[in-house]
Structures are given as C-alpha cells and as structure tokens.
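Contents: one structure, followed by commentary.
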Amino acid sequence: SGGRIRFGWWLERFPGLGIEGEFVGLGKTTEDFFSQSTGTPSLARPFFNALAGREDAELVAFPNVLSGSVATQVSSQLNGAAFRFRKQKCCSSGCGYSEFCCQTVPTSSRLDGTLGYRFWELQESLQVTERLTSLQTANNPGSFVISDQFETRNQFNGAELGFLWQGRRGWWSLDALMRVGIGNVHQTVTINGHTT
C-alpha cells in the first residue's frame, strides 16, 4: 500500500509557465519467519560459504547435538519525490463533429514540456537471529545467540526531462506522458553481526 501526492501552480506573471511537485511513498513491507526444534527434526540455515566457494548450511538443531530456533525479518520501503518546471509548448482548440451526439463538440489539444529534479530511495534490510543450546552437556555445554544484520540503501538523484500531451474531444480525453531521469545511484550496504 502507498500513495502519491501531486501539486502545482501556473505562474500568472509568466503565461504558460508553471511549477509542480510530487511525493510517492510505499508503506514499509515486513515479512517474518520463525522455526524451532528440540533436535528432531533437523534444522539448518543455508548460506554461501565464501571460503569453500560453495553453498553450505549452519546447524540450528540436530538430534543429540543441538536444539535451537531461528527468526528472520525482512523489510523493504520505497519513497520518491520530484520538483519540476512545466512549460506550455503549443495548444489548439476548436469544434469537431461527434458521431455519437450528431452535433459539434469542443476539441482541444496541448503539448507541455517539463524539466526538474527527481529523487528515489529504496531501503531494505534482513535480520537473522539464532538461539542455540548444546545437547552435549558433558563435552560441549553452553548456549549461543547469533545475530546477523544486513541493510541496503539505494538513492537516485538526477535531472528529469518530460513531455505531456493532452487531447480532448467532447466527452473523450487522452493523456500521454513520457519522462526520462538521468542521474546517479548511490548505494550503501551495512553489515553487522555478533555472537554471544
């Protein structure tokens, strides 16, 4: 779920020139996963082992060795904003004949150009928490809490160029919009982890 707010004004002192802006926001999406085992059935968390160069798995629960639980939370959020100038390039109006009404109807068309600034931001995170208890109390007793956290942020800043065409004929209308954003994406990754 989310929403978009647009607003704009035509400048009276500069005919055919206006300013407009918008904000787009999607609600933060979160997904959770939880699983636990006393050792049966076996439970393991997959990961890519960079040292071995292959897929691997870390035990969370295994018969007569380990009992434990694993909790995972994933979140994602997207926001954006823009500010632009809008200039009327050309327009026309008149009357045309409508087959539906069997009479003349008003017609119009206009072409506007826009130039401005665009911002987008995508934030995502992944957090995994394991709580492990050794079942080998004689040789390897103890409990462990393992936490891994990954956060990413992608920010786009750039110039935006666009064209908007609007056509009207009686009750009918057609709008066409094209926008191109040219800029840079700044990527940030934060990785944290600890074992107790």
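Return the single residue from Arg13, Arg54, Arg110 with maximal mean-square fluctuation; model: Gaussian network over the chain, springs between Cα atoms under 10 Å.
Taking springs between Cα atoms under 10 Å, the residue moving most is Arg54.
Would you mind finding the longest exposed-site-free stretch of the chain, with exposed GluC sites (Glu not before Pro) meaning DSSP loop and at most 13 other Cβ atoms within 10 Å?
The longest uninterrupted stretch comes out as 100-196.
If Lys and Arg each add +1 and Asp and Glu each add -1, what is the summed charge of the other residues whose beta carbon sits under 12 Å from the beta carbon of Ala82?
Value of the local net charge: +3.
Can you tell me the equivalent ellipsoid semi-axes for the stretch 13-83? Use √(5λ) from the Cα gyration tensor, largest first, whole Å.
Computed over the stretch 13-83, the values are 51, 16, 5 Å.
Report, to the nearest whole %, how much of the accessible area of the stretch 72-196 belongs to carbon and sulfur atoms, 1.4 Å probe, protein only.
58
State the Cα centre-to-centre distance between the stretch 136-196 and the stretch 1-24 in whole Å.
Value for the Cα centre distance between the two parts: 25 Å.
Can you work out the Karplus-derived ³J(HN,Hα) for every residue in the stretch 31-39? Use 6.51 cos²θ - 1.76 cosθ + 1.60 with θ = phi - 60°, whole Hz, and x for glycine or proline.
So the Karplus estimates, Gly and Pro as x, are 10, 10, 9, 9, 8, 9, 7, 8, x Hz.
Just the number please: accessible area per residue for the chain, 1.4 Å probe, all protein chains included, in Å².
So the chain comes to 69 Å² accessible per residue, rounded to a whole number.
Counting other Cβ atoms within 10 Å of each Cβ, which chymotrypsin sites (Phe, Trp or Tyr not before Pro) in the stretch 1-110 have at most 12 and sit in a DSSP loop?
When the chymotrypsin sites (Phe, Trp or Tyr not before Pro) of the stretch 1-110 are filtered for loop state and at most 12 Cβ neighbours within 10 Å, Phe100 remain.
State the Cα centre-to-centre distance between the stretch 120-135 and the stretch 56-112 in whole Å.
29
Quick one: Cα convex hull volume of the stretch 1-130, Å³ per residue?
Spread over its residues, the Cα hull of the stretch 1-130 gives 247 Å³ apiece.
Just need the Rg to Rh number for the stretch 94-163, please, alpha carbons only, Kirkwood Rh.
1.63
The values are calculated or read from the model by the stated rules, or taken from the named source; none is laboratory data. The shown structure was predicted, so the numbers you read here are calculated from the model rather than taken from an experiment. No Cβ is skipped: glycine too gets one built from the backbone with ideal geometry, and neighbour counts run over all protein chains shown. SASA here: full protein model, heavy atoms, side chains in, ligands and nucleic acids out. Shrake-Rupley method; radii C 1.70, N 1.55, O 1.52, S 1.80 Å.
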